[in-house]
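Step one of this worksheet: look at the structure below.
The values are calculated or read from the model by the stated rules, or taken from the named source; none is laboratory data. What you are looking at is a predicted structure, and each value in this text was computed from that prediction instead of being measured. Reconstructed Cβ throughout: ideal geometry from the backbone, glycine too, with neighbour counts over all protein chains shown.
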Amino acid sequence: MLGTIIIREIQEYIKSKKLLIWMLVTIILVTITTVINIEDYAKRQQDYLDAKREMGKWSVFRPPQVLSILALGKDQKLGNRAEISSGSIAVNTTGYMGSFRSMHEKYLSGFGRIDFVFIVRFVLSMMVIFLAFNAVSQEKEQGTLKLMMANNLPRSMIILGKYFSGFMIILIPLLVASFISLLIMAFHTSVSLDTFDWIRIIGIIGASMLYLSAFYTMSLFVSILVKRSSIALMILLQIWIFLVIIYPNASTFIADKAYTLPNEGELNRKKNELSKSYIQEGNRLITEYAEKNPDHSSWDYKDPLLVKRAQMYNKANGVVYSMYREHGNKLRYQAETAQTIAILSPAVLLDKIVHHYARTDLDEYERFLDGIYNNWQTYRQFTDNQTEYRERLKKMPEFTYPSKTIIESFYSTADEILILFLLSLTFFCLAYSVFLKKDIR
């Protein structure tokens with residue numbers, strides 16, 4: 001009985017021109033955006049390789065993430081190069097080719113370039129609403145629901161049939177979009193995916209399924225709740241606009257206004273105050289060394305004055321770096337507060353999950369910054385003996401930082417995955433209970 005209902009509903013969806021239109025729109029958008037994003041990734045990857053080859057060990061670099069093709073996130077917005085030396089550490093990151101980016105610029109959410117996740121978030125979720133808004137209300141208007149009830153079909157079977165058939169239908173454009181993107185990526189020479197990348201891709205598709213399921217069960221519930229399809233569509237469109245656009249951006253605005261953080265000028269003044277005493281002491285030691293060695297042709301870096309001077313400059317850089325990291329942590333907390341405020345927005349939940357899986361989120365950037373600091377600490381070990389330092393610098397290993405593992409990505413997003421699942425389950429339970437009790441006349 002349930003199978004018969006599912007087949008009937010699927011046939012009705014397939015006959016609908018709405019599904020065909022949305023399928024065509026999805027295929028065109030996914031094809032174009034995937035090709036564009038692969039070319040962008042290939043360019044960034046080549047810039048990364050060129051920069052590593054040409055700029056030497058005084059610069060450290062963050063490679064572009066291959067899954068930024070599907071979920072760009074912060075991968076392109078935040079800096080990917082930093083300059084370090086034995087006596088200094090960068091407090092800002094830049095682009096490979098010198099395009100300045102503040103270390104914590106654009107922490108808060110905003111609309112970026114179109115990618116696979118953008119299509120799921122906006123296009124496919126809207127498609128779900130247009131497919132499901134009349135799933136029950138139209139049958140009430142046409143009287144076919146009464147006819148089904150007259151044939152002694154249990155209400156529970158009807159609602160279950162509508163849910164399973166609708167869910168299978170909304171998976172078709174998602175899976176088609178996924179297949180097209182992955183096919184283009186698989187045959188492109190610039191893209192190389194390992195086993196863990198494929199697992200991450202499965203996670204991204206799974207999160208997208210949960211996201212679309214939440215909108216489908218919501219649409220099913222509203223379609224049962226109201227008597228007219230036009231009213232159901234109007235309500236669902238308003239809910240969609242609120243959950244996908246207004247609510248996430250309002251949470252960003254609230255978080256931005258709730259925490260007053262210093263601007264760039266105030267940070268520079270604080271930096272000068274923190275480092276002033278150390279720099280003055282370092283300059284004094286240089287002057288004292290010069291006065292004691294007026295005829296020196298080269299500096300003796302083993303001299304206690306120059307050793308202490310190096311230590312002063314290191315301390316100055318250390319306190320400045322700590323200040324910027326503290327400021328960055330506050331900005332990160334601001335961004336996390338915005339996400340917490342918007343915790344009931346499926347769009348925000350989807351973004352956080354997929355960007356964790358794609359490693360294009362702020363966590364990955366913070367790991368890069370930690371790697372810079374650890375690398376600088378290694379440089380500092382050599383400052384007491386410059387001759388030995390220069391020799392050992394030639395043998396320094398290539399800069400790396402601990403990128404996020406798939407297990408860490410899963411644990412970082414377990415709460416968001418659970419909330420998405422509970423949203424879908426809640427709306428289904430509401431739809432189920434209302435349909436069992438509601439007068440369908």
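Some values worked out for this structure:
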| item | result |
| --- | --- |
| Residue within region 366-378 that is modelled with pLDDT of 85 or more and either on the phi > 0 side of the Ramachandran plot or buried (at least 20 other Cβ atoms within 10 Å of the Cβ) (or both) present | yes |
| Selected residue (only one of Thr426, Thr413 is surrounded by fewer than 17 Cβ atoms within 10 Å (Cβ to Cβ), modelled with pLDDT of 90 or more and closer than 30 Å to Ile201 by Cβ) | Thr426 |
| Residues of region 317-362 satisfying the condition of being surrounded by 20 or more Cβ atoms within 10 Å (Cβ to Cβ) and not in a helix (DSSP H, G or I) | Ala342, Ser345, Arg359, Thr360, Asp361 |
| Lone unmet requirement of (1) within 30 Å of Leu349 (Cβ to Cβ); (2) assigned to a helix (DSSP H, G or I); (3) touching a residue at least 12 places away in the same chain (Cβ under 8 Å); (4) not polar (S, T, N, Q) for Leu261 | (2) |
| Candidates Ser251, Ser223, filtered to the one that is surrounded by 15 or more Cβ atoms within 10 Å (Cβ to Cβ), in contact (Cβ under 8 Å) with a residue 40 or more places away in the chain, among the small types (Gly, Ala, Ser) and more than 30 Å from Ser137 (Cα to Cα) | Ser251 |
| Test: residue in region 251-260 that is modelled with pLDDT of 90 or more, at negative phi and more than 24 Å from the chain's Cα centre (by Cα) | no |
| Residue count, region 22-47 (criterion: farther than 15 Å from Asn80 by Cα and exposed (fewer than 14 other Cβ atoms within 10 Å of the Cβ)) | 4 |
| Which listed residue, of Phe399, Phe382, is surrounded by 12 or more Cβ atoms within 10 Å (Cβ to Cβ), among the hydrophobic types (A, V, I, L, M, F, W, C), modelled with pLDDT under 65 and not in a helix (DSSP H, G or I) | Phe382 |
| Residues located in region 26-81, provided they are under 22 Å from Thr189 (Cβ atoms) and of a type in the set (Lys, Arg) | Lys43, Arg44, Lys52, Arg53 |
| Lys271 surrounded by fewer than 20 Cβ atoms within 10 Å (Cβ to Cβ) and either among the polar types (S, T, N, Q) or assigned to a helix (DSSP H, G or I) (or both) | yes |
| Long-range neighbours under 6 Å by Cβ, at least six apart or interchain, first residue within 17 Å of Ala250 (Cα to Cα) within region 327-338, second assigned to a helix (DSSP H, G or I) | Gln334/Ala255; Thr337/Ala255; Ala338/Ser251; Ala338/Thr252; Ala338/Ala255 |
| Unique match (being of a type in the set (A, V, I, L, M), outside any loop (DSSP other than H, G, I, E, B) and without any contact (Cβ under 8 Å) to a residue 40 or more places away in the chain) among Met185, Met148, Met157 | Met148 |
| Residue that is modelled with the lowest pLDDT [pool: residues in region 429-438 that are buried (at least 17 other Cβ atoms within 10 Å of the Cβ) and of a type outside the set (Gly, Ala, Ser)] | Phe435 |
| Criterion: crowded, with 17+ Cβ neighbours inside 10 Å, at pLDDT below 85, of a type in the set (S, T, N, Q) and out of contact with any His (no Cβ under 8 Å at 6 or more places or on another chain) - qualifying residue of Ser68, Ser99, Ser109, Ser88 | Ser109 |
| Qualifying residue in region 299-309 (condition: aliphatic (A, V, I, L, M), modelled with pLDDT of 85 or more and assigned to a helix (DSSP H, G or I)) | no |
